[in-house]
Amino acid sequence: MMAMKLIATLVLLISIGESHTKTLLEKLQDDPDLSQFADLLERDGAAKSALDYRSATIFAPTNQAFQRYPDMKANIQYHITNTPNKLESLKSVIITDMDGNPPIYISRKRSPHGEEIYVNNAMILKSRSNVELKNKYGKRQVLHVIDDILVPLTTNQGSNEIYNPDALQFLTNANIFNIGSHRVRSFHQRVVYSKRESLFQADGYHTFFIPVEEGFKPPPRPELIDKKVIDGHVIPNHVIFTSSATLDHPFETEAFEDNLKVTATFFTQNDGKSAKTYVKSNTVIGDAKHTAGVVLAEVVLGNIPVKNGVVHLIHRPLMVVDTTVAKFLEEKEDGPLFKFYEVIMDVGGEFMQAINNMKEVTLFAPSNEAWNRPEVRNILANKQKMREILNLHLVSDRYSAEKIRSNNNQIIQIPTNVDKKFLYFNVLNNGDNKTITVEGGGVNATIIQSDIAATNGFVHIIDHVLGVPYTSVLEKLQTDPMLNDTLWLGTRNRFNEQLNGTTARYTYFVPSNRAWKSLDNEIPSTYKKLFMPEFSYHANSILERHLIVSNRVYTMSDLKNMSIATDTLILQTVRDQLKIRISEHDRRYSITWNNKKINVFRSDVICTNGIIHVIDHPFIEEKDVIIPLNGATKNVYQLPSLITSVLLIASTYFLI
């Protein structure tokens, strides 16, 4: 009897539990991180009614998302669709419940952590999503949690409502939409003048870049916006929001055809405090009216959803090359190079004057973030030093990234605006990606944005300030592929360990990889032995001849001045005395050692604890790599024959 009562009680409890299965709204209300969205939904009669009676998918922003926009009134119905869709069944375009039924866009992006899924500009938090429940009528409902609020395009209060506008309707009526103070009248006029309205009302789903009014100065610029330039502002068949954008990936624009090829690429730049989003057009193949090269534009208001895709407002037109290098630096006070420009102005106007006086210019400009390094900040007050550092970034000639890549084996040194200072380049191949590094004043930097086109040259944005060292002598060897062979030799007998020291100053004559190759061509047996493990002692001894340890460093200029008063300059190295003569010709140094002229390929590579001079031949002779045997000097390769002779004599003795 007791067992029967117990079973009846359990059945009753189960039935009560089933009858009180949570609804989706109750699920939202019980989650403390979704309480703001739940409160807004409950107060929205139409949205609540939709949940009560039919199927739905809800994209619910977290409380943290609402806190980022305290003054925003979220449109709840724009977060609701009328079909239940789990993550795996989300289509790329989904119609919402908002008036006019504007769409939301789903995109998927690969990341190191797996696939990321976005709805418009919000990322779906997959671990908290795919929650499936049923309402009291048994209708399936799915909850996905997102990290941002979905913001539809709406009109200003008091304006006539335009429901679900396409890009052309947005462009035509931009003044009545909620886009702040931005206006796009000039671009709209050029679209109409060029008869390209159809491009902005095209079926399908696309990405549109629309420059704001401020970007149409100076006055000649509007006339440069022709049909092809307008086409270069549209990426067809891709809806790209900034959060889900594949950065640094070039997308073909409508201006990508046989005789003109223009791509558009999203990228971000961090100034140490915040990240800004930019788009760049790259006219890969230009023509008489459209200059090849890159034009940058900041996204001043992005992620505006329209019926046929997404609109991004940008600060200036793409593709239009109508400013000099100097004007590019001055153009935007909070642009990608504003800290570089601030330093230029702080040091004095001579640098800008130097740029303006050059007929052709290539500027390697450090990014905003590059100026935040402590070693850079520590030197900013030294205006004389900063003038030299600035001029180290300036070349009086045109060098595009393609020119650097294609001539990497031929271009040895590019002279800068500093006397006897050069830039050196290396191209790193990683599949289709070819990264360019540049060295100046001992500092290696990577070009992170190349080929920004100007009327008189190019600007390349780099990730470090040249001429301000941040690596030790050892770290420099470890990061410069041109010095790999010397680095490898120094790993034996622990020679390299001292090069990280901080109590002394090192002057190191470092043979390049090509220097060791030249030794291989001249004395192959010596080269071969030197790189054999059993000759590590000799390798160590040879490297000691190249290293001076002192309380100061010796620049090539110092050494040349020291050699003026004497025919032979004697330097005390770790091994012995190095007797050399220094010559200078055509801004380049050479060293004469043992009657052999050795060119200094890169001089004055400054490090935090010393200086490196890269030379094109090591200080070595054939007799340096030998070992003594029984009081006589024998080449190690005589050992096998010697051993053979000994064995032959011994065998003869025993036979007798």
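The values are calculated or read from the model by the stated rules, or taken from the named source; none is laboratory data. It should be emphasised that the depicted structure is a prediction, and the values quoted were computed from it without experimental measurement. A quick note on method: Cβ atoms are made from the backbone with ideal geometry, for glycine too, and the neighbour counts reach across all protein chains shown. All accessible areas refer to the heavy atoms of the entire protein, side chains included, with ligands and DNA or RNA removed. Shrake-Rupley method; radii C 1.70, N 1.55, O 1.52, S 1.80 Å.
Taking the criterion of being in a loop (DSSP other than H, G, I, E, B), out of contact with any Gly (no Cβ under 7 Å at 6 or more places or on another chain) and under 19 Å from Asn303 (Cβ atoms), the residues of segment 157-172 that qualify are Ile162, Pro165, Asp166.
If only one of Asn259, Asn237, Asn178, Asn270 is surrounded by fewer than 20 Cβ atoms within 10 Å (Cβ to Cβ), at pLDDT below 95 and within 16 Å of Val310 (Cα to Cα), which one is it?
Matching residue, one of Asn259, Asn237, Asn178, Asn270: Asn178.
All told, Val295 falls short of being touching a Pro at 6+ places or on another chain (Cβ under 9 Å), among the β-branched types (Val, Ile, Thr) and more than 26 Å from Asp463 (Cα to Cα). State whether the residues of segment 198-218 include one that is of a type in the set (Gly, Ala, Ser), closer than 13 Å to Val306 by Cα and touching a residue at least 24 places away in the same chain (Cβ under 8 Å). Taking every residue of segment 198-218 in turn, at least one turns out to be of a type in the set (Gly, Ala, Ser), closer than 13 Å to Val306 by Cα and touching a residue at least 24 places away in the same chain (Cβ under 8 Å).
Is one or more of the residues making up segment 505-523 more than 40 Å from the chain's Cα centre (by Cα), open to solvent by less than 40 Å² (accessible area, probe 1.4 Å) and over 20 Å from Tyr554 (Cβ atoms)? The answer is yes; a qualifying residue exists.
Taking segment 289-303 as the range and being among the hydrophobic types (A, V, I, L, M, F, W, C) and buried (at least 22 other Cβ atoms within 10 Å of the Cβ) as the test, the residues that pass are Val294, Val295, Leu296, Ala297. From the list Lys476, Lys434, the one residue that fits, being among the basic types (Lys, Arg) and open to solvent by less than 30 Å² (accessible area, probe 1.4 Å), is Lys476. Out of curiosity, is Ala453 small (Gly, Ala, Ser), touching a residue at least 24 places away in the same chain (Cβ under 8 Å), in contact with a Gly (Cβ under 7 Å, 6 or more places away or on another chain) and part of a strand (DSSP E or B)? Answer is yes for this residue. Kindly evaluate Glu360 against the criterion of being closer than 19 Å to Leu329 by Cβ and either surrounded by 22 or more Cβ atoms within 10 Å (Cβ to Cβ) or modelled with pLDDT of 90 or more (or both). Against the criterion (closer than 19 Å to Leu329 by Cβ and either surrounded by 22 or more Cβ atoms within 10 Å (Cβ to Cβ) or modelled with pLDDT of 90 or more (or both)), Glu360 qualifies. Could you tell me which residue of segment 621-630 is surrounded by the fewest Cβ atoms within 10 Å (Cβ to Cβ), considering only residues that are touching a Lys or Arg at 6+ places or on another chain (Cβ under 8 Å) and part of a strand (DSSP E or B)? Selected residue: Pro628. When restricted to residues that are farther than 19 Å from Lys421 by Cβ, open to solvent by 50 Å² or more (accessible area, probe 1.4 Å) and not in a loop (DSSP other than H, G, I, E, B), segment 581-620 contains 3. Residues in segment 48-76 that are more than 35 Å from the chain's Cα centre (by Cα) and farther than 20 Å from Glu26 by Cβ: Lys73, Asn75.
Name the residue that is farthest from Tyr105 (Cα to Cα), counting only residues in segment 240-256 that are of a type in the set (A, V, I, L, M) and open to solvent by less than 50 Å² (accessible area, probe 1.4 Å). Looking at residues that are of a type in the set (A, V, I, L, M) and open to solvent by less than 50 Å² (accessible area, probe 1.4 Å), I get Ala255.
Determine whether segment 350-371 contains at least one residue that is touching a Ser or Thr at 6+ places or on another chain (Cβ under 6 Å) and either under 19 Å from Val465 (Cα atoms) or touching a residue at least 24 places away in the same chain (Cβ under 8 Å) (or both).
Within segment 350-371 (the criterion being touching a Ser or Thr at 6+ places or on another chain (Cβ under 6 Å) and either under 19 Å from Val465 (Cα atoms) or touching a residue at least 24 places away in the same chain (Cβ under 8 Å) (or both)), the answer is yes, since at least one residue qualifies.
With respect to Ile106, determine if the residue is within 38 Å of the chain's Cα centre (by Cα), buried (at least 18 other Cβ atoms within 10 Å of the Cβ) and free of Cβ contacts under 8 Å to residues at least 40 places away in the same chain. In short, yes.
Whether a residue is touching a His at 6+ places or on another chain (Cβ under 8 Å) and not β-branched (Val, Ile, Thr) was assessed, and Ala539 does not pass this test.
Taking segment 538-580, which residues are surrounded by 14 or more Cβ atoms within 10 Å (Cβ to Cβ), part of a helix (DSSP H, G or I) and not hydrophobic (A, V, I, L, M, F, W, C)? Listed by number, the residues that qualify are His538, Asn540, Ser541, Glu544, Arg545, Ser557, Asp558, Lys560, Ser563.
Kindly provide the set of residues from segment 20-31 that are touching a helix residue (DSSP H, G or I) at 6+ places or on another chain (Cβ under 8 Å) and part of a helix (DSSP H, G or I), ordered by number. Leu24, Leu25, Leu28, Gln29, listed by residue number.
Do we have Thr253 as within 25 Å of Gln189 (Cα to Cα) and under 23 Å from the mean Cα position of the chain (by Cα) here? Here the answer is yes, as Thr253 does meet what is asked.
Yes/no matrix, rows are residues, columns are (1) within 33 Å of the chain's Cα centre (by Cα); (2) modelled with pLDDT of 95 or more; (3) open to solvent by less than 50 Å² (accessible area, probe 1.4 Å):
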{"position": "Pro112", "(1), (2), (3)": "yes, no, no"}
{"position": "Lys136", "(1), (2), (3)": "no, no, no"}
{"position": "Lys139", "(1), (2), (3)": "no, no, no"}
{"position": "Val145", "(1), (2), (3)": "yes, yes, yes"}
{"position": "Asp148", "(1), (2), (3)": "yes, yes, yes"}
{"position": "Thr155", "(1), (2), (3)": "no, no, yes"}
{"position": "Gly158", "(1), (2), (3)": "no, no, no"}
{"position": "Asp166", "(1), (2), (3)": "no, yes, yes"}
